[in-house]
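The structure appears right after this line, and notes come after that.
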Amino acid sequence: MTAISHMHPFDKPREKLAARGPQALKNDELLAVLLGSGIPGKDVRKLAREIAAMMEKDFEGLDLERLTQIHGLGTAKASQILAAIELSRRFLLKERRRILSAADVYDELRPYAGKAQEHFLSITLDGASRVIETRIVSIGTLTQSLVHPREVYADAIADRAAGIIVAHNHPSGTLEPSRADRTVTDRLREVGNLVGIELLDHVILSPEGYFSFSDEGVI
């Protein structure tokens with residue numbers, strides 16, 4: 001492929017975007033616009049093509065660690081890409097999406113089911129059970145000190161949420177709730193009752209499926 005410096009001006013990603021709009025650009029060209037420049041020995045289009053190939057292979061598994069394994073892609077530029085993806089995801093996936101069951105929660109949070117570390121997540125909902133926001137509350141082994149109700153409910157209050165669902169993955173793959181899982185759930189339910197934001201469910205995730213405290217009648 002022709003080096004970007006030797007391209008006709010109208011074929012360069014930025015100029016092409018300005019003349020024809022972002023829809024006219026290929027995936028690697030859009031990435032090239034985000035990156036802005038390459039490194040000595042690897043121009044921005046070559047770098048962008050490597051990133052595009054990684055995205056096509058495993059988009060859901062894309063993270064900072066994997067991106068920065070690409071030669072020439074540092075933390076700053078990798079963060080720009082992840083930020084652009086997350087911003088798009090928030091605007092596109094949030095539109096009118098409703099959570100009506102634990103299966104819906106699992107579909108929403110499936111990318112976290114196989115994570116090597118425990119991720120504790122929250123989903124805030126409006127009165128019609130539409131998703132307001134999905135957030136990572138903490139990363140690490142689930143304990144009462146790590147998952148403090150303040151951290152869970154602060155954003156829910158700011159969102160003016162009617163309800164909240166929490167979830168976390170079990171890296172071991174087991175779906176059996178631990179004593180800590182049950183204790184945290186009880187504590188969050190009590191605080192939810194106090195602040196007027198109902199805890200609707202606590203879902204445990206694994207690649208094999210999910211466990212719902214609500215389905216089991218615990219909440």
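The values are calculated or read from the model by the stated rules, or taken from the named source; none is laboratory data. Please read all numbers here as calculations on a predicted model, not as lab measurements. In this analysis, Cβ positions are derived from the backbone assuming ideal geometry, glycine residues included, and neighbour counts consider all displayed protein chains. Ligands, DNA and RNA are excluded from the accessible area calculation, which covers all protein heavy atoms including side chains. Shrake-Rupley method; radii C 1.70, N 1.55, O 1.52, S 1.80 Å.
Conditions tested, residue by residue: (1) at pLDDT 90 or above; (2) over 23 Å from Gly196 (Cα atoms).
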residue: Leu62; (1), (2): yes, yes
residue: Phe91; (1), (2): no, yes
residue: Asp104; (1), (2): yes, yes
residue: Ile132; (1), (2): yes, no
residue: Pro149; (1), (2): yes, no
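Going by what's in this entry, would Thr134 be described as surrounded by 19 or more Cβ atoms within 10 Å (Cβ to Cβ) and either touching a His at 6+ places or on another chain (Cβ under 7 Å) or among the polar types (S, T, N, Q) (or both)? Spelling it out, Thr134 is indeed surrounded by 19 or more Cβ atoms within 10 Å (Cβ to Cβ) and either touching a His at 6+ places or on another chain (Cβ under 7 Å) or among the polar types (S, T, N, Q) (or both). Counting the residues of segment 104-131 that are touching a residue at least 60 places away in the same chain (Cβ under 8 Å) and more than 15 Å from the chain's Cα centre (by Cα) gives 1.
This table checks each residue for (1) of a type in the set (Gly, Ala, Ser); (2) within 19 Å of the chain's Cα centre (by Cα).
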| site | (1), (2) |
| --- | --- |
| Glu133 | no, yes |
| Gly140 | yes, yes |
| Val147 | no, yes |
| Arg150 | no, no |
| Ile157 | no, no |
| Ile164 | no, yes |
| Gly173 | yes, no |
| Ser178 | yes, no |
| Asp181 | no, no |
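Tally the residues that are in a helix (DSSP H, G or I) and either closer than 14 Å to Leu47 by Cβ or open to solvent by less than 60 Å² (accessible area, probe 1.4 Å) (or both), restricting the search to segment 18-33.
Our first condition is that a residue be in a helix (DSSP H, G or I); within segment 18-33, this holds for 18-20, 22-24, 27-33.
If we keep only those that are either closer than 14 Å to Leu47 by Cβ or open to solvent by less than 60 Å² (accessible area, probe 1.4 Å) (or both) as well, we get 24, 27-33.
Selection size over segment 18-33: 8.
This table checks each residue for (1) part of a loop (DSSP other than H, G, I, E, B); (2) over 28 Å from Ser37 (Cβ atoms); (3) in contact with a helix residue (DSSP H, G or I) (Cβ under 9 Å, 6 or more places away or on another chain); (4) aliphatic (A, V, I, L, M).
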| site | (1), (2), (3), (4) |
| --- | --- |
| Phe59 | yes, no, yes, no |
| Glu86 | no, no, no, no |
| Asp107 | no, yes, no, no |
| Arg110 | no, yes, no, no |
| Lys115 | yes, yes, no, no |
| Ile132 | no, yes, yes, yes |
| Arg135 | no, yes, yes, no |
| Glu151 | no, yes, no, no |
| His168 | no, yes, yes, no |
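Quick grid of which residues meet (1) open to solvent by less than 70 Å² (accessible area, probe 1.4 Å); (2) in contact with a Phe, Trp or Tyr (Cβ under 7 Å, 6 or more places away or on another chain):
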residue: Asp58; (1), (2): yes, no
residue: Leu62; (1), (2): yes, no
residue: Glu65; (1), (2): no, no
residue: His71; (1), (2): no, no
residue: Ser79; (1), (2): yes, no
residue: Ala83; (1), (2): yes, no
residue: Ser88; (1), (2): yes, no
residue: Ala102; (1), (2): yes, yes
